[in-house]
1. Being without any contact (Cβ under 8 Å) to a residue 12 or more places away in the chain and surrounded by 15 or more Cβ atoms within 10 Å (Cβ to Cβ) is the filter here, so list the residues in the range 1-48 that pass it.
2. Would you mention how many residues in the range 5-34 are among the aliphatic types (A, V, I, L, M) and assigned to a helix (DSSP H, G or I)?
3. Is there a residue in the range 558-574 that is at pLDDT 75 or above and among the hydroxyl-bearing types (Ser, Thr, Tyr)?
4. Does Ile537 fit the bill of being within 26 Å of the chain's Cα centre (by Cα) and either over 15 Å from Ser466 (Cα atoms) or not charged (D, E, K, R) (or both)?
5. Can you go through Ala720, Ala666, Ala733, Ala727 and tell me which one is on the phi < 0 side of the Ramachandran plot, assigned by TED's automatic domain parsing to the domain that holds Arg614 and under 44 Å from the mean Cα position of the chain (by Cα)?
6. Return only the number of the condition from (1) modelled with pLDDT of 80 or more; (2) on the phi > 0 side of the Ramachandran plot that Asp280 does not satisfy.
7. Limited to the range 579-610, what total is found for residues that are surrounded by 17 or more Cβ atoms within 10 Å (Cβ to Cβ) and at pLDDT below 80?
Amino acid sequence: MPELNVAGLRDCQVSAITKLEASLKEDRPRALIQMATGSGKTFTAITQVYRLLKHANAKRVLFLVDTKNLGEQAEQEFMSFLPNDDNRKFTELYNVQRLKSKHIASDSQVCISTIQRMYAILKDEDLPEGSEDDNPAETWQRRREPLPVVYNEKIPPEYFDFIVIDEAHRSIYNLWRQVIEYFDAYLIGLTATPDDRTFGFFQKNVVSEYTHEDAVADGVNVGNEIYVIETEITQKGAELKAKQLVERREKMTRKKRWEQQDENEAYSAKKLDRSVVNKDQIRTVVRAFRDKLPEIFPGRNEVPKTLIFAKTDSHADDIIQMVRLEFGEGNDFCRKITSKTEGDPKSVLSSFRNDFYPRIAVTVDMIATGTDVKPLECLLFMRDVKSKNYFEQMKGRGTRVLKPDDLQKVTPSAKAKTHYVIVDAIGVTKSLKTASQPLDTKPSIPLKDLAMGIMMGAARDIDSVSSLAGRLSRIDHQIDETQRAKVEEVAGQPLRNIIKTFFDSVDADAVMEDAKAATGQQEPDEAAQDEARSKRIGEAAKALNGTLINLLDTIRRDLEQTVDHDNLDHVTRAEWAGDTDENAKVLSQDFEAYLNDNRDRLEALTIFFSQPARRSEITFEMIREVLDALRADAPRLAPLNVWRAYAHLDEFKGMAPDKELEALVALIRRVAGLDETLTPHADRIRKNFQNWVLKRHAGKGDKFNEAQMDWLRMMRDHMATSFHIEADDLDMAPFDGQGGLGRMYQLFGNDMEPLMAEMNEAIAG
């Protein structure tokens, strides 16, 4: 194919198309394009389809989606697509058909279809009404029998040359995989949130990896912050008392009747808005959101464009009624956008996107994925989400960048879209379901202090760097051209370059490659990776200087304001997610529960909790096993995160460890009751070593000489990172450089092995 004309394309789109065509040239049958939500996946795909039709002799392409809404959106994008080498639109050059029946026109060159409809077409059946409306992202995860697919002579396997699979992380396994694999075609997957099964299906042929962090660094996306609203009933449920009059309401018809409650009936929080509706709970959440808006969005004269996620269609109706009542606004202020919306849901969606009203939209899942609403600045979750990929997609509704002038057309008092806010009223963010976390994980640390800490080398951890990059990205979206020029003059480079450099410095893949190069090993250990990361952060930090930091801090203070507001009645919590007492308690309780649940499965936990005599046997590999299990089962319980929680609860004032394994050992000991308060692993090792030596020297036996003490101190330092020492370790650094096993035998003779056993036991504590 001819060289790609890059006019009008982002760098990430150019990279995706170029690498995809290289993959096709190698005749690889499957390829995955991973691009962050809002970075133009569909536009990239259409550009590629255009080139395949024009230059690669492709006869027919299937563009596969999983909801009618996404199909309609894809059709609109094909209709509006203008190639950069032709003055005619795509649909003037090629026939595009969105399938609405089982008939496929013989002259269609691009077919847009839901996977449900394609399954019905292969069976030569009509698709039941409404089968394409609902998003099956969560229900498809359930284990069910595969759908049978048999040969259809009207639609043979070679019917399509290429199949583009939108939201591929949802469409390629379980129920629908066999629909895709029926066709003998090249498969091109599009997703922002791949999982292991997605990578496996596409044979690990990932031609594009453009993450949310990359998109924020490039100014394509904005990051998020989290604001939490908790109420008593949301957390605990409530109880219906015997003999009280209660309203019974049919879910579908909304028909009401009143009757007396027969007996006391407690209902849990999970039953809210499903089997039990408590209107005061909805009112309390909505009222808290209303009253906290000056704190969440300072300086606004109108409610920012807000999308509320409801549990069910009836729950959406209850929310809409309460929003209109509490805000004192009419019907246009808050509208429902679901498949059951009265009138035309697409018209309501268009108004939500382009007009002043509605300010608030309520949906179940119709616009949870794939629908572009760039002015959206707030997502209010009043429903939980089981799927982490689906949650990521829902969050993606807020991440789109919008120019200040375009934002002000629908939200006049907004200055710029610098970030979006997740308002969590149900606990959806408590368990980590998403790869892209709030970029600013240290909101309590002032920008100036954070930047100075990184510049001076006092804060070189991932959270600090990510937080600084997120803050700088927000500033970059707010500043005018004069301020931008001043920053570039002081920095010697554009601010966006600095942001990207910081994001790149903590990129896991880049860190791993540096560690490989430094060690010559294909799987460098954690220490090597930490060293590589530290070097990358150090290089990135060179972009900072005192003058630049002061300038950025001055700009920040000119752009932002802070508004205080009192807590509301019946609201137990309304604040930014952070290191609060409640956060710390929840995290520590969850961590303790995890350790107790797995104490019989993981050997290190078994020893710590139940076999004190074996604590000296605990090895690096045992602790690593616990860490790996935590990462797989409960990523939210990362040791450094949990350390901060316990440090807060124990009022610990010392330095936090920079190694996860060291933090993990200290935390396990704290939970197991071996340490009354949080005690850094290295401090405990040094103290136990000192006490052991003093005890040895206080006895009648021989005292250690200076050469022996130097050797013992090396052993102590080794145990601080490896937790245990044995004879084989003496053939490795740093012992091998000092004579190894032979040297220790020279120093301690036949006492060598008993001494090592004694030291292991003494330091294990």
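The values are calculated or read from the model by the stated rules, or taken from the named source; none is laboratory data. Values in this document were obtained by computation on a predicted structure and should not be read as measured data. With ideal geometry, Cβ positions are generated from the backbone for all residues, glycine too; neighbour counts draw on all protein chains shown.
1. First pass over the range 1-48, keeping only residues without any contact (Cβ under 8 Å) to a residue 12 or more places away in the chain: 3, 6, 14, 25-27.
Once the filter is applied, which keeps residues that are without any contact (Cβ under 8 Å) to a residue 12 or more places away in the chain and surrounded by 15 or more Cβ atoms within 10 Å (Cβ to Cβ), the range 1-48 yields only Val14.
2. As a first pass, look at the range 5-34 and keep what is among the aliphatic types (A, V, I, L, M): 6-7, 9, 14, 16-17, 20, 22, 24, 31-33.
Then keep just the ones that are assigned to a helix (DSSP H, G or I); that gives 14, 16-17, 20, 22, 24.
Going through the range 5-34 one residue at a time, the tally reaches 6.
3. Quick first cut of the range 558-574, residues at pLDDT 75 or above only: none.
Checking the range 558-574: not a single residue is at pLDDT 75 or above and among the hydroxyl-bearing types (Ser, Thr, Tyr).
4. Working: within 26 Å of the chain's Cα centre (by Cα): yes; either over 15 Å from Ser466 (Cα atoms) or not charged (D, E, K, R) (or both): yes.
When the stated conditions are applied, Ile537 passes them.
5. Details: Ala720 fails: assigned by TED's automatic domain parsing to the domain that holds Arg614; Ala733 fails: assigned by TED's automatic domain parsing to the domain that holds Arg614; Ala727 fails: assigned by TED's automatic domain parsing to the domain that holds Arg614.
Checking each option against the conditions leaves just Ala666.
6. In the conditions (1) modelled with pLDDT of 80 or more; (2) on the phi > 0 side of the Ramachandran plot, Asp280 misses (2) alone.
7. Number satisfying all stated conditions: 2.
Residue-wise test of (1) at pLDDT 90 or above; (2) assigned by TED's automatic domain parsing to the domain that holds Leu407; (3) touching a strand residue (DSSP E or B) at 6+ places or on another chain (Cβ under 7 Å).
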residue	(1), (2), (3)
His315	no, yes, no
Asp318	no, yes, no
Arg324	yes, yes, yes
Phe327	yes, yes, no
Asn331	yes, yes, no
Glu342	no, yes, no
Arg353	no, yes, no
Phe356	yes, yes, no
Ala361	yes, yes, yes
